[in-house]
Amino acid sequence: MSKRIIIAGSGFAGLWAALAAQRAIHLASQQQNIEVVMVSPSPNVDIRPRLYEAVLENMYPDISEVLSVVDVKYVAGWVNEIDAAAQNLVITTTQGDKQTLSYDRFILATGSTTFMPPIPGLTEYGFSVSTLEDAEKLDQHLKNLAHKPANAARNTVVVAGGGLTGLETVTEMPERLHSILGETDIRVVLVDSSAEIGAALGDEAAAVIREALDELGVEGKAGLRVTALDASGVTLSNGERIEAETVIWTAGMRANSLTSQIAGEKDNLGRILGDAYLHAPEAKNIFVTGDTVKVPTDDLGNFNVMSCQHAMSLGRVAGYNAAAELVDLPLHAYSQPKYVTCVDLGPWGALYTEGWDRKVQFVRHEAKKIKQEINTVWIYPPVADREAIFAIANPDFVIVP
């Protein structure tokens, strides 16, 4: 009787889980006995690491051909319910039909979403760059500013959240605003709850970030939070009000809510604490990967972060192991000791660090070249060539420099 691996999600982790699973199945010559099925709303990879950019072309590449060439079946829809005891999934297709699919192994790779806390006005007036739809909405809003009367609110952008996404977003804003509004005086503000801007990246990297922000004319407001929004501005936790028609929320992510349907310990981001092989330890035959899992990257106490850098490797390992259990191949423990950070800092350049202590290796134009290579080559889906795909779909493949 044939067996089935179902993967929920077509992002970085989901795609590479599917490709790695099929590679393992082909290694064991079990193509006729095991099918791999991907379930997601559309056969695309959302290139979320680039959605802060002004040009949004090719940010949602189609992976239909890639899936087809390695014989991954695709179902357009959403996983709504996970019955771990029965090993069944309830799925709603994009046509509105309900289906129940059984699985022998299930891989949860549905990623994460921007965390939107119950701040007054945030849902109504806040923007984000979490999805392509969000980024397109923000882009249209910015372009529409040119048709509004000039005033302080129109000419001001506030970015809430001083993490990597916030930094990359805020450093793009001065140039984007000038391209839309001309030489009008503009104001770009970064609100960061950390005691110092960039503090989470360490002292050395933070100093570089503050230098870039200063040169770009970005105001940093550290140790503060946005507490309320309305149509024309924001209020900060110290009572200060900033007149701004554009407020972009980048302060935090949460794992997809499907993790709540899988038994096991979760962290404060909703991620399931996986084992070394990316099993959900308390749910038989379920693997968790990408942004839905928290797992050690090394033996030094470091854990994966919500990034494509980790998601692509985690996907490979989960996909391989799910198939390996069905075709009697040895399992592969996840390990990703090398960690790099490459932050785009707009026209100033970029910042490239290595290690969890984030030692600065390159800045400005040298770092920008690396960032562009990462953003335009490394994170994109592979070409639709089976041999080429299987050559890089092994669970220990590393793409970082």
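The values are calculated or read from the model by the stated rules, or taken from the named source; none is laboratory data. All values reported here derive from a predicted model rather than from experimental measurement. We place every Cβ from the backbone using ideal geometry, glycine too, and count neighbours over all the protein chains shown. Heads up: the accessible areas ignore ligands, DNA and RNA and are worked out on the full protein's heavy atoms, side chains in. Shrake-Rupley method; radii C 1.70, N 1.55, O 1.52, S 1.80 Å.
Tabulated data
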quantity: Heavy-atom accessible area per residue - the chain, 1.4 Å, Å²; calculated: 42 Å²
quantity: As computed over the stretch 126-249, the Cα convex hull volume per residue (Å³); calculated: 94 Å³
quantity: At 1.567 mPa s and 4 °C, Stokes D of the stretch 55-178 from Kirkwood alpha-carbon radius, µm² per second; calculated: 70 µm²/s
quantity: Share of carbon and sulfur in the accessible heavy-atom surface of the chain [1.4 Å probe, %]; calculated: 49 percent
quantity: Too-long pairs where the Cα-Cα distance tops 22 Å, listed order kept, from LYS221/LYS294; LYS294/LYS371; LYS338/LYS369; LYS143/LYS371; LYS3/LYS284; calculated: LYS221/LYS294; LYS294/LYS371; LYS143/LYS371
quantity: J(HN,Hα) series, the stretch 3-17, from Karplus relation 6.51 cos²θ - 1.76 cosθ + 1.60, nearest Hz, glycine and proline x; calculated: 10, 9, 10, 10, 10, 9, x, 10, x, 4, 6, x, 4, 6, 5
quantity: Centroid-to-centroid separation of the stretch 340-401 and the stretch 120-189 [C-alpha atoms, Å]; calculated: 26 Å
quantity: Amide N of the stretch 248-284 lying under 14 Å from the label point, which is placed 7 angstrom from the Cα of VAL90 along Cα→Cβ; calculated: 261
quantity: Gaussian network model of the chain, springs between alpha carbon atoms under 10 Å - residue of ALA318, ALA255, ALA200 with greatest fluctuation; calculated: ALA200
quantity: Simple spin-label estimate for ASP71 and ASN151 in nanometres, 7 Å along Cα-Cβ; calculated: 6.5 nm
quantity: P(r) histogram, all alpha-carbon pairs of the chain included - 20 Å bins from 0, percent; calculated: 27, 54, 18, 0
quantity: Residues GLU81 and ARG364, FRET efficiency given R0 of 35 Å [Cβ-Cβ distance, rounded to 0.05]; calculated: 0.10
quantity: Degrees between helix 203-216 axis and first principal axis of the chain (Cα, 0 to 90, nearest 10); calculated: 50 degrees
quantity: Kirkwood hydrodynamic radius of the stretch 1-58, Cα pairs, Å; calculated: 13.0 Å
quantity: Within the chain, longest stretch free of exposed GluC sites (Glu not before Pro) [DSSP loop, at most 12 other beta carbons within 10 Å]; calculated: 266-401
quantity: Sum of side-chain charges, ASP357 neighbourhood, beta-carbon under 11 Å (Lys, Arg +1; Asp, Glu -1); calculated: -1
quantity: Charge context of GLU245, other residues only, Cβ under 11 angstrom, K/R +1, D/E -1; calculated: 0
quantity: 0 to 90° range, to nearest 10: angle between helix 164-181 axis and the chain longest Cα axis; calculated: 50 degrees
